[in-house]
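One structure below.
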Amino acid sequence: MLGVHDVRFLRHPDGRLTPSIELRRDISREIRRFRPERVLAQSPEILWRRLGASHPDHRAAGEAAVAAVYPDARNPFAHPELLADEGLDAWTVPELWLMAAPEERVDHAVDVTDTVGYKIAALREHRSQTAHIDDLDTRIRSWAGATAERFGWNDGRLAEGFQVVLIG
């Protein structure tokens, strides 16, 4: 749907995810392998105004991703098997962007007006999670419109909001 051809499944249990050391190691492995300049992850905090965005699995994945970005992936002593067995050197990610963060923490918006249709189509493909939502298009556009307005974009544009964390 989105043109992505390299997808990694970490094979942790759906509905029972925890921010375990094993999940942190597995995310650190992918960071060290791909050496990204930016990691996009779920916020580990609860978004009370839209609780569905804060599913426990999402928050656990966010918490593990934050720990993988800092300190795990950059620390050569964390998960020593990644270097010893797989040859994956430590890597420092300069930016961490958290989605579905509490509104008071969202400090950056990205204009998605021209691409929101792709997001909606991709979510529709995730049938087990969205088949029951008849108004998905309306919900997504409403949330994106509210985010744009919050950032002073009052001309009908749509935005995704992020909490940007710069890693020193």
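So Glu63 fits all but one of (1) among the charged types (D, E, K, R); (2) out of contact with any Pro (no Cβ under 9 Å at 6 or more places or on another chain); (3) surrounded by 13 or more Cβ atoms within 10 Å (Cβ to Cβ); (4) under 25 Å from Phe34 (Cα atoms); what number is the exception? The one condition Glu63 does not meet is (2).
Here the condition is being of a type in the set (Phe, Trp, Tyr) and closer than 25 Å to His126 by Cβ; of Trp91, Trp48, it holds for Trp48 alone. Return the residues of the stretch 77-100 that are part of a helix (DSSP H, G or I) and either touching a Lys or Arg at 6+ places or on another chain (Cβ under 6 Å) or within 24 Å of Ile46 (Cα to Cα) (or both); say none if nothing qualifies. Within the stretch 77-100, just Leu82 meets the criteria. Residues that are among the β-branched types (Val, Ile, Thr) number at least 2 in the following helices (runs of 4 or more DSSP H) confined to the stretch 101-157: 116-125, 136-150.
When Asp6 is tested against (1) surrounded by 13 or more Cβ atoms within 10 Å (Cβ to Cβ); (2) more than 19 Å from Trp97 (Cβ to Cβ), exactly one condition is not met: (1). Residue count for the stretch 9-28 under the criterion of being free of Cβ contacts under 8 Å to residues at least 12 places away in the same chain and either surrounded by 15 or more Cβ atoms within 10 Å (Cβ to Cβ) or not in a loop (DSSP other than H, G, I, E, B) (or both): the result is 2.
Just wondering, is there one or more residues in the stretch 136-158 that are surrounded by fewer than 18 Cβ atoms within 10 Å (Cβ to Cβ), touching a residue at least 40 places away in the same chain (Cβ under 8 Å) and aliphatic (A, V, I, L, M)? No, there is no match, as no residue in the stretch 136-158 is surrounded by fewer than 18 Cβ atoms within 10 Å (Cβ to Cβ), touching a residue at least 40 places away in the same chain (Cβ under 8 Å) and aliphatic (A, V, I, L, M). For the stretch 131-168, a tally of residues being among the polar types (S, T, N, Q) and modelled with pLDDT under 95 returns 1.
Scanning the stretch 108-137 for residues that are β-branched (Val, Ile, Thr) and touching a Lys or Arg at 6+ places or on another chain (Cβ under 9 Å) returns Val112, Thr113, Val116, Ile120, Thr130, Ile133. Do we have Leu40 as outside the structural domain of Arg139 (by TED's automatic domain parsing) and part of a helix (DSSP H, G or I) here? So Leu40 fails the test.
Can you tell me which residue in the stretch 29-58 is nearest to Ile167 (Cα to Cα), limited to those that are touching a residue at least 60 places away in the same chain (Cβ under 8 Å) and buried (at least 20 other Cβ atoms within 10 Å of the Cβ)? Among them, the one singled out is Ile31.
The values are calculated or read from the model by the stated rules, or taken from the named source; none is laboratory data. As the structure is a computational prediction, the values presented were derived from the model and not from experiment. Every residue, glycine as well, gets a Cβ built from its backbone with ideal geometry; the counts of neighbours run over all protein chains shown.
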